[in-house]
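**Student:** Take this structure first; my questions come after.
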Amino acid sequence: KTVGGIILSVHGRLLASYLVHEFAHSSVFINPRTNHAFGIISLWLAGCPYCDFTRIRDLHLSHHKDRCDTVEFDYRTFLHHLPKPLLWFILLGEYLMIPIVETIMHLRTAIFPLIAGSHRMISISRRRNALVGSAVCIALYAWLYSTHALLPHLFAGALVLQILAFHDCFQHTYEAVFVDKVDYVPGPGPRTAQFEYENTFTNPISIQYPYLNTLISLNFGYHNAHHKKPMVAWYQLPQLHAKYFSDSVQILPFSHLFRTWFRHRIRRVLEFDYGTVHPVSSSLGQRLDNIDRTIDFVGSLGVSFLTV
């Protein structure tokens, strides 16, 4: 029963998370208010009632407009200011595949609006959502503890964070841009549409069994197709991918990324540089497979569309 409950919980929260992304793009309903309302519901079902849908939507749309990873919180600088033993503890957790950084990002999303005072990025609704959502989470955790179900719930939550992080990790070789810094300038600047294509990658869960992409992630892995037409709904992405990107060198299936995922799991925590995806052909004219092409692809961390 416990294992089955964990599997169902993980799957349900994953689908709710990816629905948040769909509603942020208004790709489900014609009416923006309806998308907004169901986006809030999906956040609660995903286990993130403390998140402000408006802020998440605006930040994610900036990711598309600016052609970079737009985030508020520079967690790497935060980690570098921690006492060394605490930093080593976090790195050990990440080495053991415990999603500590993603947990920090969610804690910051929940707590910062409550302690930020009159910060320019904290709206009344964001503060209210953080207060109500955090209170609900605390009450839920207290109830789960009393029913001896807290550990399975936390384990399921960790799996959700890790799966989401893996899916986010290898979709771009962008740079992280922090929107709360004074030198942030909205817009793509020199980052052209060609830059976007060359630094965006398609990571299907399965090419042989494409229905798994819908079942697990609402086709989120068809990322080049999504960036070409962001308002296309998830169920139309396979057709869009087949039309424009079926033979693209930007396709890096999940199965080809596990080695680099494990290889760089500590480096990824502290480095701003996402690394490099090598060309299909080496300088010697030798054709490289995807495993060799991605050996230096460090990937991103802390850029989930569920956190700010």
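The values are calculated or read from the model by the stated rules, or taken from the named source; none is laboratory data. Note that the structure is predicted; figures quoted are calculated from it, not measured. Cβ: placed from backbone, ideal geometry, glycine included. Neighbour counts: every protein chain shown. Remember, those area values only see protein heavy atoms, side chains included, never the ligands or the DNA or RNA. Shrake-Rupley method; radii C 1.70, N 1.55, O 1.52, S 1.80 Å.
**Student:** How many residues are of a type in the set (A, V, I, L, M, F, W, C), out of contact with any strand residue (DSSP E or B) (no Cβ under 9 Å at 6 or more places or on another chain) and under 21 Å from His278 (Cβ atoms) when one looks only at segment 188-232?
**Tutor:** Initially, segment 188-232 is screened for residues of a type in the set (A, V, I, L, M, F, W, C), giving 193, 195, 201, 205, 207, 212, 215-216, 218, 220, 225, 231-232.
Filter once more, so that each one left must be out of contact with any strand residue (DSSP E or B) (no Cβ under 9 Å at 6 or more places or on another chain): 193, 195, 205, 212, 215-216, 218, 220, 231-232.
Imposing the further condition that a residue be under 21 Å from His278 (Cβ atoms) reduces the set to 195.
Here the count works out to 1.
**Student:** Within segment 260-282, count every residue that is over 17 Å from Thr173 (Cβ atoms) and either charged (D, E, K, R) or not in a helix (DSSP H, G or I) (or both). Give the steps one after another, and end with the answer.
**Tutor:** Within segment 260-282, the subset over 17 Å from Thr173 (Cβ atoms) is 262, 265-266, 269-270, 281-282.
Applying the additional criterion that residues be either charged (D, E, K, R) or not in a helix (DSSP H, G or I) (or both) yields 265-266, 281-282.
Summing the residues that are over 17 Å from Thr173 (Cβ atoms) and either charged (D, E, K, R) or not in a helix (DSSP H, G or I) (or both) in segment 260-282 gives 4.
**Student:** Same structure, new question: Restricting attention to segment 200-252, report how many residues are without any contact (Cβ under 8 Å) to a residue 40 or more places away in the chain and at negative phi. Reasoning before the result, please.
**Tutor:** So in segment 200-252, the residues without any contact (Cβ under 8 Å) to a residue 40 or more places away in the chain come out as 208-215, 219, 222, 224-226, 228-229, 235-244, 246-247, 249.
With the extra rule that they be at negative phi, the set shrinks to 208-215, 222, 224-226, 228-229, 235-244, 246-247, 249.
Residues that pass the stated criteria total 27.
**Student:** Return yes when Leu140 is surrounded by 13 or more Cβ atoms within 10 Å (Cβ to Cβ) and among the hydrophobic types (A, V, I, L, M, F, W, C) and no when it is not. So that I can check it myself, show each step before the final result.
**Tutor:** On the way: surrounded by 13 or more Cβ atoms within 10 Å (Cβ to Cβ): yes; among the hydrophobic types (A, V, I, L, M, F, W, C): yes.
Against the criterion (surrounded by 13 or more Cβ atoms within 10 Å (Cβ to Cβ) and among the hydrophobic types (A, V, I, L, M, F, W, C)), Leu140 qualifies.
**Student:** Any residue at all in segment 239-259 that's in a loop (DSSP other than H, G, I, E, B), open to solvent by 20 Å² or more (accessible area, probe 1.4 Å) and within 30 Å of Phe178 (Cβ to Cβ)?
**Tutor:** No, the conditions are met nowhere in segment 239-259.
**Student:** Here's a follow-up. Between Tyr75, Tyr18, which is under 20 Å from Tyr235 (Cα atoms) and aromatic (Phe, Trp, Tyr)? Give the derivation first.
**Tutor:** Working: Tyr75 fails: under 20 Å from Tyr235 (Cα atoms).
Tyr18 is the lone residue from the list that is under 20 Å from Tyr235 (Cα atoms) and aromatic (Phe, Trp, Tyr).
**Student:** Conditions: (1) open to solvent by 30 Å² or more (accessible area, probe 1.4 Å); (2) touching a helix residue (DSSP H, G or I) at 6+ places or on another chain (Cβ under 6 Å); (3) at pLDDT 95 or above. Leu114 meets all but one. Number of the miss?
**Tutor:** With respect to (1) open to solvent by 30 Å² or more (accessible area, probe 1.4 Å); (2) touching a helix residue (DSSP H, G or I) at 6+ places or on another chain (Cβ under 6 Å); (3) at pLDDT 95 or above, Leu114 is out only on (3).
**Student:** Looking at segment 157-200, which of the residues that are among the charged types (D, E, K, R) and in a loop (DSSP other than H, G, I, E, B) is most open to solvent (accessible area, probe 1.4 Å)?
**Tutor:** Our first condition is that a residue be among the charged types (D, E, K, R); within segment 157-200, this holds for 168, 175, 180-181, 183, 191, 196, 198.
Those left that are additionally in a loop (DSSP other than H, G, I, E, B): 175, 180-181, 183, 191.
On the way: Glu175: 96, Asp180: 53, Lys181: 87, Asp183: 118, Arg191: 37 Å².
Out of the qualifying residues, it is Asp183.
**Student:** Enumerate the helices (runs of 4 or more DSSP H) found wholly within segment 23-136, keeping only those where 1 or more residues are more than 23 Å from Tyr274 (Cβ to Cβ) and of a type outside the set (Lys, Arg).
**Tutor:** Values: elements: 32-45, 53-66, 75-80, 84-95, 100-115.
Passing ranges, in order: 32-45, 53-66, 84-95, 100-115.
**Student:** Could you list, in sequence order, the residues of segment 38-60 that are of a type in the set (A, V, I, L, M) and open to solvent by less than 50 Å² (accessible area, probe 1.4 Å)? Don't jump to the end; show me each part of the working.
**Tutor:** Filtering segment 38-60 down to residues of a type in the set (A, V, I, L, M) leaves 40-41, 43, 45-46, 56, 59.
The answer is Leu43, Ala46, Ile56, Leu59.
**Student:** Report the residue count in segment 274-308 for those that are of a type outside the set (A, V, I, L, M) and free of Cβ contacts under 8 Å to residues at least 60 places away in the same chain. Let's see the steps before the verdict.
**Tutor:** Step one: of segment 274-308, the residues of a type outside the set (A, V, I, L, M) are 274-276, 278-279, 281-283, 285-287, 289-290, 292-294, 296-297, 299-300, 302, 304-305, 307.
From what is left, the residues that are free of Cβ contacts under 8 Å to residues at least 60 places away in the same chain are 278-279, 281-283, 285-287, 289-290, 292-293, 296.
So the count comes out to 13.
**Student:** A further question follows. So which residues in segment 117-137 are open to solvent by less than 80 Å² (accessible area, probe 1.4 Å), hydrophobic (A, V, I, L, M, F, W, C) and free of Cβ contacts under 8 Å to residues at least 40 places away in the same chain, if there are any at all?
**Tutor:** Ile122, Ala135
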